[in-house]
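Trainee: The structure is given below, and queries will be raised subsequently.
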Amino acid sequence: MSPPRHTETPLPMREGVSPSCVVLPAHHAAPLLDRLATHLPVVGRDEWLARMLAGDVVDAQGQAARPEQVVKGSVRLFYYRHLPNEPELPFEHQVLYQDEHLLVADKPHFMPVTPTGRYVQQSLLVRLKRQLGLPDLSPLHRIDRDTAGLVLFSVQPRTRGAYQALFRERSMAKTYDAVAPWNADIPFPREHRSRMEESPQFFRMQEVSGEPNSHTHMAVQAVQGPWALYRLEPISGKRHQLRVHMAALGLPLRNDPFYPEVNDPPEGDYSRPLQLLARSLRFTDPLTGQEHHFESRLRLQWPVTAALPESAAA
């Protein structure tokens, strides 16, 4: 299930949320309510019924889907995703740049880029859509909810492919700052290459034997006692790549809730932000030839101050 392209959507953006789409496969005769409740049980039958009665579930022609309606063939339905008890994130994003094609935002820690889990309205994408009235806004890449820093967005579908190609062809130079332990026995700068795959815990990645599919350039910027400030440049773009690569060296990022062990804080505890920052983006604009260089205005807690708790934040 994924949001359809804007040109295929019979519903407008609502409060920054573009409609989602679900395709129900061909089925024996059964009411649409039953089919939806079976296909997407996470929403709940009562909730589907309430949305349908409110006219918030429509077909590809924009006609309201009726709970008792029977459709044997496959059917494409559109609906708004919302959460009744979404927690409020007490952090603000910043828009650093905007033109007719691109938008660059600075994302705080703990904020997801796109709707996920318990967050829809509090995701960066929905916040920006609501703030700026841009229904076609779409992230060109993602950073973890735990990571702070720069996120690049496409403003319009017509030119989106040209900017997506920058990431696909590795023509986008990305740098990250990170705070992690210091070990004088590990030489820097260094190139870290490994094969990464999803671990049995689906939300984590792991290094395995085999042909490398991930690559990070690593350098040390400063050392303070047992800690160091690192500059990390991902050449590839695997999920959690920087976190996994540093943990594999025995240098897990400060306050990392997933690596090397899962130590996820309870919901609403913002006292230990991951010390990882998407610091800069540099690329040549494929449409104008202009050289772009964007720098995050956020900073990690460096140097590490002994008087501050382990939770020192950006």
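The values are calculated or read from the model by the stated rules, or taken from the named source; none is laboratory data. Fair warning: this is a prediction, and the values are worked out from it, not measured in the lab. Cβ sites come from the backbone with ideal geometry, for glycine too, and all protein chains shown count toward neighbours. Only protein heavy atoms, including side chains, enter the accessible area calculation; ligands, DNA and RNA are left aside. Shrake-Rupley method; radii C 1.70, N 1.55, O 1.52, S 1.80 Å.
Trainee: Quickly run through region 191-227 and pick out the residues that are among the charged types (D, E, K, R) and closer than 23 Å to Asn255 by Cα.
Mentor: Glu197, Glu198, Arg204, Glu207
Trainee: Right, here's the next one. Given the criteria without any contact (Cβ under 8 Å) to a residue 40 or more places away in the chain and within 27 Å of Gln301 (Cα to Cα), does Pro212 qualify?
Mentor: Considered against the rule, which asks whether it is without any contact (Cβ under 8 Å) to a residue 40 or more places away in the chain and within 27 Å of Gln301 (Cα to Cα), Pro212 comes out as no.
Trainee: Being surrounded by fewer than 17 Cβ atoms within 10 Å (Cβ to Cβ), at pLDDT 95 or above and touching a helix residue (DSSP H, G or I) at 6+ places or on another chain (Cβ under 8 Å) narrows it down to one of Val43, Val95, Val70, so name that one.
Mentor: It is Val95.
Trainee: Specify the residue that is least open to solvent (accessible area, probe 1.4 Å); the eligible residues are those in region 174-196 that are in contact with an Asp or Glu (Cβ under 8 Å, 6 or more places away or on another chain) and not polar (S, T, N, Q).
Mentor: Within region 174-196, the match that is least open to solvent (accessible area, probe 1.4 Å) is Met196.
Trainee: List every residue pair whose Cβ atoms sit under 8 Å apart, with the two residues 6 or more apart in sequence or on different chains, where the first one lies in region 215-235 and is at positive phi and the second, anywhere, is of a type in the set (A, V, I, L, M, F, W, C).
Mentor: So the pair list comes out as Gly225/Trp182; Gly225/Val304.
Trainee: Select from region 102-124 the residues that are of a type in the set (A, V, I, L, M) and free of Cβ contacts under 8 Å to residues at least 40 places away in the same chain and write down the one among them that is surrounded by the most Cβ atoms within 10 Å (Cβ to Cβ).
Mentor: Filtering first and then ranking leaves Leu124.
Trainee: If Ser20 satisfies every condition in (1) hydroxyl-bearing (Ser, Thr, Tyr); (2) free of Cβ contacts under 8 Å to residues at least 12 places away in the same chain; (3) under 30 Å from Gly268 (Cα atoms) but one, which is the exception?
Mentor: Going through the list (1) hydroxyl-bearing (Ser, Thr, Tyr); (2) free of Cβ contacts under 8 Å to residues at least 12 places away in the same chain; (3) under 30 Å from Gly268 (Cα atoms), Ser20 breaks only (2).
Trainee: Hey, Ser171 hits all of (1) open to solvent by 30 Å² or more (accessible area, probe 1.4 Å); (2) of a type in the set (Ser, Thr, Tyr); (3) more than 28 Å from Leu96 (Cβ to Cβ) but one; which does it fall short on?
Mentor: (3)
Trainee: Here are some conditions: (1) exposed (fewer than 14 other Cβ atoms within 10 Å of the Cβ); (2) within 28 Å of Gln221 (Cβ to Cβ). Ala148 meets all but one. Which one does it not meet?
Mentor: (1)
Trainee: What tally of residues in region 214-230 results from selecting those that are farther than 15 Å from Val179 by Cα and either open to solvent by 40 Å² or more (accessible area, probe 1.4 Å) or of a type in the set (Gly, Ala, Ser) (or both)?
Mentor: Of the residues in region 214-230, 2 are farther than 15 Å from Val179 by Cα and either open to solvent by 40 Å² or more (accessible area, probe 1.4 Å) or of a type in the set (Gly, Ala, Ser) (or both).
Trainee: Please work out which residue is farthest from Thr147 (Cα to Cα), limiting yourself to region 199-209 and to residues that are in contact with a strand residue (DSSP E or B) (Cβ under 9 Å, 6 or more places away or on another chain) and without any contact (Cβ under 8 Å) to a residue 12 or more places away in the chain.
Mentor: Pro200
Trainee: Criterion first (under 30 Å from the mean Cα position of the chain (by Cα) and open to solvent by less than 60 Å² (accessible area, probe 1.4 Å)) does Leu89 satisfy it?
Mentor: The answer is yes for Leu89.
Trainee: In addition: Of the conditions (1) of a type outside the set (D, E, K, R); (2) surrounded by 12 or more Cβ atoms within 10 Å (Cβ to Cβ); (3) modelled with pLDDT of 90 or more, Gln63 clears all except one; give me its number.
Mentor: The one condition Gln63 does not meet is (2).
Trainee: Those residues that are closer than 27 Å to Ser138 by Cβ, open to solvent by less than 20 Å² (accessible area, probe 1.4 Å) and either in contact with a Ser or Thr (Cβ under 9 Å, 6 or more places away or on another chain) or without any contact (Cβ under 8 Å) to a residue 40 or more places away in the chain (or both), I need them from region 23-40; list them, please.
Mentor: Leu24
Trainee: Pull up region 201-213, narrow it to residues that are open to solvent by less than 60 Å² (accessible area, probe 1.4 Å) and out of contact with any helix residue (DSSP H, G or I) (no Cβ under 7 Å at 6 or more places or on another chain), then point me to the one that is nearest to Leu274 (Cα to Cα).
Mentor: Per the criteria, the residue is Arg204.
Trainee: Counting only residues that are of a type in the set (Val, Ile, Thr) and under 23 Å from Val208 (Cβ atoms), which one in region 236-287 is surrounded by the most Cβ atoms within 10 Å (Cβ to Cβ)?
Mentor: Val244
Trainee: Is there any pair with a first residue in region 281-303 that is farther than 30 Å from Gly225 by Cα and a second that is open to solvent by less than 80 Å² (accessible area, probe 1.4 Å) and of a type in the set (Ser, Thr, Tyr) whose Cβ atoms are under 6 Å apart and which are 6 or more apart or on different chains, and what are they?
Mentor: Pairs that qualify, where the first residue is farther than 30 Å from Gly225 by Cα and the partner is open to solvent by less than 80 Å² (accessible area, probe 1.4 Å) and of a type in the set (Ser, Thr, Tyr), are Glu291/Thr284.
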